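J.: Mind having a look at this structure? Questions to follow.
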Amino acid sequence: MRRLVRPWSAQVIDAGSPYGPASCLISEAGKEVPKGLEHAELMKGEFRGETRRLLLHPYPKRGTGQNPSREAFPIRPPLNREPKTHEEEFAAETLRRMNEVLARIQELEDALDDPISLWPRLRAAWKRAEDEADPRMAEIVKQSREIGPVLKDLELRIRRVLRRTRELTPLSRVQELDRASMLWLSRQPGRTVAERAGPAQRILSTVRHENFDTLENRVFHAYVRLAALVAREWQREHRRAMGSDRYRLVDAFRLRCRALSRDLADLGVGVAEPGITPNYVLMQDKGYRTIRLAWERLIRRERILDDLWAWQAQTWTDFAVLAIVLAIDEMEEAEPIAQSPIVWRQEAVTGRWFDQDRPLAVFWLKETGRIVEVQARPELPGSLLTLARAHVSLRITDPSRSDLPRRVAVWTPHAMERLDIEEAARGAAATLAEITQIASNEVMRDGLILIPAHGEAAQATSARGKARVDAIALDASGDTLGRGMDALREFIRRDIWR
């Protein structure tokens, strides 16, 4: 197995050196993959009878990882901690970027409600994301809108039970005696009840007290505590949207949850642990059932975030593919003629939220007279893509001519630290220039690199011989999303004519 510095580069990481935050965590293996290796297979191809597998390794969840060795990575910040050190701020910023990419991907789920207008609806959602004053939709935003009335209802009717205890009670207030109370009374000196009650005129009797520490209230308490933390995290990521209605909605929800948490603690209500078995009230009472389901969604969100943190590179690839499709669909002459069925998953698997066939989308350019296919993670990549180690590509054909199909290699490297965009373009162009010398049944002279901008949009171009590579740095929200999409549209319009 060869651990690569970059997917387009033949430079390898020394056997004794671990992957670091600047690494793309890409490796290339042969026919067999080492046992126990943490990886996802991006692409499997052949060149001159030799099998080559392109592998992606996850970011470690605890800062370090073995098989392969990974060190000095940031740890996903917990919900209840404000960043104080440089390392914690770096981790919080990484989490914010991950959540923004995730939001763009999840907007595909809403757009899938109307498959005919899928791409226009998704494009409109991404356009709104370019305005940072219009914060992203998230699970906590939905719950702020839906659960708010439920909290108000439950606050007025917090369920309580009467618990029986034995206490020394004045004779005038005794209402119930059980066996243990009667045994206690029989052992007291005296012939009458009054004599046995003694000078204080009290006897041991059964007394009922209100108790709020029920399972349903413990779940209620656990939910409002967790919801307040998740809402605070969302607000921290969207400080620039403080004037928006969505921000005010989440802020009001957070304050109500905090107040309810204090009230429940004053009533002696504990906090439920995840994985409890629901009782009758949690299943049948409408308010408590709604709270339980919302609590479970937030718990599942935390578990999903752990997985997404490890597989951010996979999510970034899906984001880049959707960006390319939207850039092509915006062309006036582009007419979608085929689209792969997209199956949305309830939970991400190795960072991927949806499955699709190949190609994802096919467009007919009426004026140019060409067909453009958007392909991701191909099953049969061909020798050129295998050598380029590019698991995303555009295939351009001209039905009116007998020319060989043209392939555009697309790399979507992801790293915790910002990549040098100019160095990336030069390295990919050098690799592509070597590949152009190889005989094949298609032509590949153009390449595209899409990398996270880390808040600084940029564009670079490098040419080597007949090969040319454009590198674009973009983010998933704000001005860097808008500028990155503009650069991508420019590349698409220019490259298709080449």
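The values are calculated or read from the model by the stated rules, or taken from the named source; none is laboratory data. Remember, it's a predicted structure, so these values are computed and weren't measured experimentally. Cβ coordinates were reconstructed from backbone atoms using ideal geometry, including for glycine residues, and neighbour counts include every protein chain displayed.
J.: Can you tell me which condition Ile451 does not meet? The list is (1) in contact (Cβ under 8 Å) with a residue 40 or more places away in the chain; (2) part of a strand (DSSP E or B); (3) closer than 19 Å to Thr315 by Cα, and all the others hold.
T.: (1)
J.: Same structure, new question: Just for region 172-201: of the residues that are in contact with a helix residue (DSSP H, G or I) (Cβ under 7 Å, 6 or more places away or on another chain) and in contact (Cβ under 8 Å) with a residue 24 or more places away in the chain, which one is surrounded by the most Cβ atoms within 10 Å (Cβ to Cβ)?
T.: Ala197
J.: Out of Asp475, Asp486, Asp479, which single residue is of a type outside the set (Lys, Arg) and surrounded by 16 or more Cβ atoms within 10 Å (Cβ to Cβ)?
T.: Only one candidate passes the filter, namely Asp475.
J.: Looking at Val207, Val250, which is the one that is outside the structural domain of Leu95 (by TED's automatic domain parsing), touching a Ser or Thr at 6+ places or on another chain (Cβ under 6 Å) and in a helix (DSSP H, G or I)?
T.: One residue alone meets the criteria, Val250.
J.: Within region 35-87, how many residues turn out to be assigned to a strand (DSSP E or B), more than 23 Å from Glu417 (Cα to Cα) and not acidic (Asp, Glu)?
T.: Total meeting the criteria: 7.
J.: Looking only at region 464-480, count how many residues are at pLDDT 95 or above and either assigned to a helix (DSSP H, G or I) or among the small types (Gly, Ala, Ser) (or both).
T.: Total satisfying the criteria: 2.
J.: In this structure, does Ala463 turn out to be under 30 Å from Ile438 (Cα atoms), among the aliphatic types (A, V, I, L, M), out of contact with any Pro (no Cβ under 9 Å at 6 or more places or on another chain) and crowded, with 24+ Cβ neighbours inside 10 Å? Steps first, answer last, please.
T.: Numbers: under 30 Å from Ile438 (Cα atoms): yes; among the aliphatic types (A, V, I, L, M): yes; out of contact with any Pro (no Cβ under 9 Å at 6 or more places or on another chain): yes; crowded, with 24+ Cβ neighbours inside 10 Å: no.
It is false that Ala463 is under 30 Å from Ile438 (Cα atoms), among the aliphatic types (A, V, I, L, M), out of contact with any Pro (no Cβ under 9 Å at 6 or more places or on another chain) and crowded, with 24+ Cβ neighbours inside 10 Å.
J.: For the condition out of contact with any Ser or Thr (no Cβ under 8 Å at 6 or more places or on another chain) and either over 26 Å from Trp344 (Cβ atoms) or assigned to a helix (DSSP H, G or I) (or both), what is the one hit in Thr277, Thr317? Steps first, answer last, please.
T.: Numbers: Thr317 fails: out of contact with any Ser or Thr (no Cβ under 8 Å at 6 or more places or on another chain).
Only one candidate passes the filter, namely Thr277.
J.: May I ask you to list the residues in region 370-411 that are more than 29 Å from the chain's Cα centre (by Cα), of a type in the set (D, E, K, R) and crowded, with 22+ Cβ neighbours inside 10 Å?
T.: Correct list: Arg407 only.
J.: Ala323 fails exactly one of the following numbered conditions: (1) modelled with pLDDT of 95 or more; (2) in contact with a Ser or Thr (Cβ under 6 Å, 6 or more places away or on another chain). What is the number of that condition?
T.: Unmet condition: (2).
J.: OK, next. Within region 385-399, identify whether any single residue is touching a strand residue (DSSP E or B) at 6+ places or on another chain (Cβ under 9 Å) and at pLDDT below 90, and answer yes or no. Quick ask: steps written out before the conclusion?
T.: Taking region 385-399 as the starting set, the residues that turn out to be touching a strand residue (DSSP E or B) at 6+ places or on another chain (Cβ under 9 Å) are 385-399.
Subsequent filtering for residues that are at pLDDT below 90 retains 398-399.
Scanning region 385-399, I find at least one residue that is touching a strand residue (DSSP E or B) at 6+ places or on another chain (Cβ under 9 Å) and at pLDDT below 90, so the answer is yes.
J.: To continue, here is another question. Kindly establish whether Gly20 is at positive phi and either surrounded by 21 or more Cβ atoms within 10 Å (Cβ to Cβ) or not aromatic (Phe, Trp, Tyr) (or both).
T.: No: the conditions fail for Gly20.
J.: Return the pair list, or none, for Cβ contacts closer than 7 Å from residues in region 79-95 that are small (Gly, Ala, Ser) to residues that are surrounded by 14 or more Cβ atoms within 10 Å (Cβ to Cβ), at least 6 apart or on different chains.
T.: Matching pairs, first to second residue: Ala91/Pro74; Ala91/Ile75; Ala91/Arg76; Ala91/Pro77; Ala92/Pro77; Ala92/Pro83.
J.: For region 188-216, name all the residues that are at positive phi and of a type in the set (D, E, K, R).
T.: Result: no residue meets the conditions.
J.: Any idea which of Glu347, Glu367, Glu335 is charged (D, E, K, R) and either surrounded by 18 or more Cβ atoms within 10 Å (Cβ to Cβ) or part of a loop (DSSP other than H, G, I, E, B) (or both)? Write out each step before concluding.
T.: On the way: Glu347 fails: either surrounded by 18 or more Cβ atoms within 10 Å (Cβ to Cβ) or part of a loop (DSSP other than H, G, I, E, B) (or both); Glu335 fails: either surrounded by 18 or more Cβ atoms within 10 Å (Cβ to Cβ) or part of a loop (DSSP other than H, G, I, E, B) (or both).
Result of the check over Glu347, Glu367, Glu335: Glu367.
J.: Please work out if Ile116 is surrounded by fewer than 20 Cβ atoms within 10 Å (Cβ to Cβ) and over 20 Å from His414 (Cβ atoms).
T.: yes
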